[in-house]
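This report refers to the structure that appears directly beneath it.
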Amino acid sequence: MGAFPEHCADGVALAAVADAFDTPCYVYSQTALRARYQAFERALEGVDARVCFAVKANPNIGVLGVLADLGSGFDIVSVGELERVITAGGAPEDIVFSGVGKRRDELERALDVGVGCFNIESESELERLNTLATRRSQSAPISIRVNPDVDARTHPFIATGLSENKFGVDVESAATLYQRAAGMDGIEIVGVDCHIGSQLTDLAPFSDAAERVVALIDRLAAEGIDIDHLDIGGGLGVDYQADNPPSIADYVAAVCQAVGDRDLRLIFEPGRVIAADAGVLLTRVDTLKPAVATDARSFAVVDAAINDLIRPALYDAAHAVERVGAAGDGAVTRIWDVVGPICETGDCLANERELTLAEGDLLVVYSAGAYGSAMASNYNTRPRAPEVMLADGDMIEVRAREAVADLMRGEKRLLPER
Ligand code: LLP
């Protein structure tokens, strides 16, 4: 599929990756990653704009490095992500620092390195940043995150632009905050930002949000506050299975249309649309449990689980799944539930998929390059899977598989007398 035609990418077969690194294993295609970033660049030709990859979607240093080499900026939400970007070779001035609760030490570190913009989400945060920056005789570049109150029409867990959500401030409060910020010694106003949600497959909410934010920018200009950039956030969806998202070009065109001929620099914070389809998760069938009764379900227990990929359990996400290579001896064609070995009924990677399977067969789970390994955990003391970047016929291990000893590091057994 897509970036992995015939189960190959960058001149390497997925089956060879599974042989070399075992399963479960995340695999990324450098070519696909670059192509997605470059699709943004092409769509933005002639527009004053910057793409800031949302690090949360895939924080692997190997992945960030590929994007940094292409000149990408980055959208971060923690000091941990900041250190990753710097390690990967990203430029601090091309970083926007988002997030609804930034700690004092995180603000300090971001001031140390000189991030390009602090995306402020509350009055309290603005005051705190002003105090810190003033004390250091710095002027912190800021944008205020506006919650435009539009319905992103996506899964409720990943909708962020409604007034009932915790993110940003409403338009009226933003206007007041900008007036206050204009009088602060430690603050330099540079932008306005918003982010209304993730996995959006309709352009209308983006256009609505952009129009509302642009109206605020016009109003601020009339009040004597000039804004350099509009940061529209991320959120463009991908095609997990028949989602039918708009193209990057159409998305960019819709945002540009809302901006019109205003002299504004645009910032985009895409995560999923750059990384999702550049990655897959490989897993092997461990045990088959075909239904016995006619109304029962058939389970294919695989060696990946919700600790590796939580999206199906958390958001009802339907990632495409295929068998890689020929089926093993005695393979059975059924409607299988592809489940993991974790002790939770919700540990299901794919519901009701028709597949021909034998134990030991290799499966590929598509569109796993965003919010896959990024959200992995060690639940059930399962070491996190390795991550392998395919590039020019090579397999580069960009993250080694964890060992059980790694998982116990820092823990201790109490002495008997305690
Ligand atoms: N900017 C901000 C401020 C964000 O909060 C996010 C994502 C992005 C950009 C990137 O959005 P994207 O282009 O990737 O849609 N774990 C969920 C997605 C959570 C998204 C959170 N914020 C999932 O697996 O669907």
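Go through (1) open to solvent by 10 Å² or more (accessible area, probe 1.4 Å); (2) free of Cβ contacts under 8 Å to residues at least 40 places away in the same chain; (3) within 16 Å of the ligand (Cβ to nearest atom) for F118 and report which single condition fails.
Every listed condition holds for F118 apart from (1).
If you check R103, R153, which single one turns out to be surrounded by fewer than 19 Cβ atoms within 10 Å (Cβ to Cβ) and more than 16 Å from the ligand (Cβ to nearest atom)?
None of the others qualify; the one that does is R103.
I'm trying to understand the selection: among the residues of the range 335-366, which are modelled with pLDDT of 95 or more and open to solvent by 80 Å² or more (accessible area, probe 1.4 Å)? Even if it seems obvious, please write down each step before you answer.
Of the residues in the range 335-366, the ones modelled with pLDDT of 95 or more are 335-342, 347-366.
Hits for the range 335-366 are I335, N351, E352, E354, E359.
Sort through S139, S143 and tell me the only one that's open to solvent by 10 Å² or more (accessible area, probe 1.4 Å), modelled with pLDDT of 95 or more and either of a type in the set (S, T, N, Q) or at positive phi (or both).
Of S139, S143, the one residue that is open to solvent by 10 Å² or more (accessible area, probe 1.4 Å), modelled with pLDDT of 95 or more and either of a type in the set (S, T, N, Q) or at positive phi (or both) is S139.
Just to be sure, is E127 open to solvent by 40 Å² or more (accessible area, probe 1.4 Å), in contact with a Lys or Arg (Cβ under 9 Å, 6 or more places away or on another chain) and modelled with pLDDT of 95 or more?
Values: open to solvent by 40 Å² or more (accessible area, probe 1.4 Å): yes; in contact with a Lys or Arg (Cβ under 9 Å, 6 or more places away or on another chain): yes; modelled with pLDDT of 95 or more: yes.
Yes: the conditions hold for E127.
Filtering the range 85-100 down to residues that are modelled with pLDDT of 95 or more and not in a helix (DSSP H, G or I), which residue is surrounded by the most Cβ atoms within 10 Å (Cβ to Cβ)?
Keep residues of the range 85-100 that are modelled with pLDDT of 95 or more, which gives 85-98.
Right, trim to not in a helix (DSSP H, G or I) and you get 89-91, 95-98.
Working: G89: 12, G90: 25, A91: 17, I95: 25, V96: 26, F97: 28, S98: 30.
It comes out as S98.
From the set of residues in the range 286-313 that are touching a residue at least 12 places away in the same chain (Cβ under 8 Å) and loosely packed, with under 15 Cβ neighbours inside 10 Å, which is farthest from T381 (Cα to Cα)? Spell out how you get there, then give the answer.
Pass one, the range 286-313, residues touching a residue at least 12 places away in the same chain (Cβ under 8 Å): 286-291, 297-313.
Next cut, loosely packed, with under 15 Cβ neighbours inside 10 Å only: 287, 289-291.
Numbers: T287: 20, K289: 24, P290: 28, A291: 29 Å.
Residue satisfying both the conditions and the ranking: A291.
Looking only at the range 44-67, decide whether some residue is surrounded by fewer than 18 Cβ atoms within 10 Å (Cβ to Cβ), assigned to a helix (DSSP H, G or I) and without any contact (Cβ under 8 Å) to a residue 24 or more places away in the chain.
No, because not a single residue in the range 44-67 is surrounded by fewer than 18 Cβ atoms within 10 Å (Cβ to Cβ), assigned to a helix (DSSP H, G or I) and without any contact (Cβ under 8 Å) to a residue 24 or more places away in the chain.
Against the condition within 15 Å of the ligand (Cβ to nearest atom), part of a helix (DSSP H, G or I), farther than 22 Å from A278 by Cβ and modelled with pLDDT of 95 or more, how does L82 come out, does it pass?
Taking the combined requirement at face value, the residue satisfies it.
Out of A327, A350, I need the residue that is small (G, A, S), in a strand (DSSP E or B) and in contact with a strand residue (DSSP E or B) (Cβ under 7 Å, 6 or more places away or on another chain). Which one?
A350
Filter the strands (runs of 3 or more DSSP E) completely within the range 166-278 down to those with at least 3 residues that are open to solvent by less than 10 Å² (accessible area, probe 1.4 Å) and more than 16 Å from the ligand (Cβ to nearest atom). Steps first, answer last, please.
On the way: elements: 187-193, 229-231, 265-268.
Those strands (runs of 3 or more DSSP E) do not exist here; none qualify.
Please go through the range 354-370 and give me each residue that is within 26 Å of the chain's Cα centre (by Cα) and not hydrophobic (A, V, I, L, M, F, W, C), ordered by number.
Within the range 354-370, Y366, S367, G369 qualify.
Those residues that are open to solvent by less than 30 Å² (accessible area, probe 1.4 Å) and either within 10 Å of M395 (Cβ to Cβ) or among the aliphatic types (A, V, I, L, M) (or both), I need them from the range 11-24; list them, please.
The answer is V12, L14, V17, A18.
Pick from S373, S377: which is within 16 Å of the ligand (Cβ to nearest atom), closer than 22 Å to F4 by Cα and open to solvent by less than 50 Å² (accessible area, probe 1.4 Å)?
Testing whether each residue is within 16 Å of the ligand (Cβ to nearest atom), closer than 22 Å to F4 by Cα and open to solvent by less than 50 Å² (accessible area, probe 1.4 Å) leaves just S373.
The values are calculated or read from the model by the stated rules, or taken from the named source; none is laboratory data. Since we're looking at a predicted model, the values are computed, not measured. Every residue, glycine among them, receives a Cβ derived from its backbone with ideal geometry; neighbour counts consider all protein chains shown. SASA here: full protein model, heavy atoms, side chains in, ligands and nucleic acids out. Shrake-Rupley method; radii C 1.70, N 1.55, O 1.52, S 1.80 Å.
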